[in-house]
Every structure is written in structure tokens, then in C-alpha cells.
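Novice: Below is a structure I'd like to ask you about.
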Amino acid sequence: MQRYFIPNGTSSLSKNDQHHIKHVMRMKSHDHVIICNEACYISEVIIADEVTFKHIKALPKIHKRHVVLVQGLPKHPKIETTIKYATMAGVDKIILLPMKYSVVKDLPSDQKQLRYHMISKEAAELSHRDDIPEIKFVSKLEDITLFNKTYLFDELSKHMIQDDTHDPVMIIIGPEGGIHQDERDYLTSKGALSTSLGPLIYASEIAGVLAIQTLMTFL
């Protein structure tokens, strides 16, 4: 069943989603979709000049561990890979920032940020999530408040990740060039635990997704 999200602060479908219902899916009044806005419902659409809906049945909420991914900015196409698959893996928030080894130093334009949000929205629909993760951009590590459980995934670490608790967790992944020693020292001084996904080295754009899957627990 097709899933749609209500934009924050509104009670109606976006113009793009209304177009999708009418002209792409070619739905008719009384067809059923899933509408999500904090909670998800099986809903009946009413097709007129504007597409509206009526909730029929509430769906069970997915309860999962709260996971935040901090990702050092990779090159442009790789950001989209990270956002798409981190969303599908269940991340709650993605924080993107330039790090010392980032090739890309500038934060994305407003247009690119809108595109990233659309990628996340589509991935949330495909994976049948209840919500769309927040995507935030910061200019430096010092702007981030670490969690009590913060893991720095570092190729130099020999400590394999072992954590099957339900506590909120923050994951930090470096860009293509890895973690600079100054960043490593700063993060560990703030309480981040240096850890590893194993003996293999993974590309930056997928390392975060693997870390999320390793740490994700459903309640």
C-alpha cells in the first residue's frame, strides 16, 4: 500500500504527493493509502481539485533504538547514498559536517538540502517507516553535543563494537580520508569510544549504514 508523509506543521498532503496520487498512481476516491504524521493510519483518499483523506485505522508504531549518525562530508553523490540507506536502516537523525580530510568543505546549497530531504522521504516511504529522519548540517565538530553512548568508528581501533542495549546512541563516521588525529583526540576526550566494524575497511558512504544496522535494536 502506498505510503505518504504529511509535511511538518501541516495537516494536508504536499502538492507533489497529491499529483502522485492523482496522475501517477491514478487513484480514485475511496482508494486506500497509508498516511503518516507522527502516527500512521490506513486512510481513504477523496479525489477532487485537492486530494484529501479520512483515517480508517491506526497502525502499530515501530519502537526502535534512537540512533543519530554524524557523517563527515563525503563527495556529493556519496552523501545521497548515505542518506538513502541510513534512512532505510532506521536512523533518527543525520548530522553532516566537513571534517579535516573532507574533500568537500562547503555545506550544501539550499537546493541540495531540499534534494537530500526528498531522498530521505522516499527512502522512508519505501522502508515503511513511521517518520522521516531529520537532516542537519553543522560547520564543525564542536557544534555537536555527544551522547552518553557515542561511538567513533575508526580504522585504527582494535575494539570491536559490542552493544545490544536500547540506550540512545550516536555514531561518528569520517569522510573518505578517515579521521584526523586532532579529531580523534578531541572526540575521545569528550567521551566518544573508539571502535571498529572489524578487520575490513568500508567506504565512508556505507560504513555508517553498517554501524546503524549493527547497533539498531527494536523494542
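The values are calculated or read from the model by the stated rules, or taken from the named source; none is laboratory data. Please read these numbers as outputs of a predicted model, since none were measured by experiment. Counting neighbours? That spans all protein chains shown, and the Cβs are built from the backbone with ideal geometry, glycine included.
Novice: Examine segment 21-31 for a residue that is hydrophobic (A, V, I, L, M, F, W, C), surrounded by fewer than 15 Cβ atoms within 10 Å (Cβ to Cβ) and not assigned by TED's automatic domain parsing to the domain that holds Leu152, and state whether such a residue exists. Before the answer, list the steps.
Specialist: Our first condition is that a residue be hydrophobic (A, V, I, L, M, F, W, C); within segment 21-31, this holds for 21, 24-25, 27.
Cutting the leftovers down to surrounded by fewer than 15 Cβ atoms within 10 Å (Cβ to Cβ) gives us 24-25.
Of the ones still in play, those that are also not assigned by TED's automatic domain parsing to the domain that holds Leu152 are 24-25.
Yes, segment 21-31 contains at least one residue that is hydrophobic (A, V, I, L, M, F, W, C), surrounded by fewer than 15 Cβ atoms within 10 Å (Cβ to Cβ) and not assigned by TED's automatic domain parsing to the domain that holds Leu152.
Novice: Filter segment 25-41 down to the residues that are within 28 Å of the chain's Cα centre (by Cα), among the hydrophobic types (A, V, I, L, M, F, W, C) and closer than 12 Å to Tyr4 by Cβ and list them by number.
Specialist: If we filter segment 25-41 for residues that are within 28 Å of the chain's Cα centre (by Cα), which is where we start, we get 25, 32-41.
Remaining after also requiring among the hydrophobic types (A, V, I, L, M, F, W, C): 25, 33-36, 39-40.
The answer is Met25, Val33, Ile34, Ile35, Cys36, Cys40.
Novice: For segment 128-166, what are the residues that are within 16 Å of the chain's Cα centre (by Cα) and touching a residue at least 60 places away in the same chain (Cβ under 8 Å)?
Specialist: Just the residues of segment 128-166 that are within 16 Å of the chain's Cα centre (by Cα), to begin with: 128-138.
Residues satisfying the conditions are His128, Arg129, Asp130, Asp131, Ile132.
Novice: Which ones in segment 132-146 are surrounded by fewer than 16 Cβ atoms within 10 Å (Cβ to Cβ), modelled with pLDDT of 95 or more, part of a loop (DSSP other than H, G, I, E, B) and of a type outside the set (Ser, Thr, Tyr)?
Specialist: Val138, the sole residue that qualifies.
Novice: So which residues in segment 168-202 are exposed (fewer than 14 other Cβ atoms within 10 Å of the Cβ), at pLDDT below 95 and out of contact with any Asp or Glu (no Cβ under 7 Å at 6 or more places or on another chain), if there are any at all?
Specialist: Gly198, Pro199, Leu200
Novice: Out of the residues in segment 167-197 meeting the condition of being free of Cβ contacts under 8 Å to residues at least 60 places away in the same chain and part of a loop (DSSP other than H, G, I, E, B), tell me which one is farthest from Lys140 (Cα to Cα).
Specialist: At the first step, the residues of segment 167-197 found to be free of Cβ contacts under 8 Å to residues at least 60 places away in the same chain are 181, 184-197.
Narrowing further to those that are part of a loop (DSSP other than H, G, I, E, B): 190-192, 197.
Values: Lys190: 15, Gly191: 17, Ala192: 16, Leu197: 25 Å.
So, considering only residues that are free of Cβ contacts under 8 Å to residues at least 60 places away in the same chain and part of a loop (DSSP other than H, G, I, E, B), the one farthest from Lys140 (Cα to Cα) is Leu197.
Novice: I need the full set of residues from segment 147-166 which are assigned to a loop (DSSP other than H, G, I, E, B) and modelled with pLDDT under 95, in order please.
Specialist: Start the filter on segment 147-166 by keeping residues that are assigned to a loop (DSSP other than H, G, I, E, B), which leaves 147-149, 154-159, 161-166.
Asp154, Glu155, Leu156, Ser157, Lys158, His159, Ile161, Gln162, Asp163, Asp164, Thr165, His166, listed by residue number.
Novice: I need the full set of residues from segment 198-208 which are not in a loop (DSSP other than H, G, I, E, B) and not polar (S, T, N, Q), in order please. Lay out the reasoning, then the answer.
Specialist: Initial filter on segment 198-208 (not in a loop (DSSP other than H, G, I, E, B)): 204-208.
Scanning segment 198-208 gives Glu205, Ile206, Ala207, Gly208.
Novice: Continuing with this model, one more query. Any residue in segment 53-66 that's of a type in the set (Val, Ile, Thr): show its pairings with residues that are loosely packed, with under 11 Cβ neighbours inside 10 Å at Cβ separation under 8 Å, as long as the two are six or more apart or on different chains.
Specialist: Pairs that qualify, where the first residue is of a type in the set (Val, Ile, Thr) and the partner is loosely packed, with under 11 Cβ neighbours inside 10 Å, are Ile62/Phe218.
Novice: With respect to Phe147, is the statement that it is within 14 Å of Leu97 (Cα to Cα) and of a type in the set (Phe, Trp, Tyr) true?
Specialist: On the way: within 14 Å of Leu97 (Cα to Cα): no; of a type in the set (Phe, Trp, Tyr): yes.
Criteria not met by Phe147.
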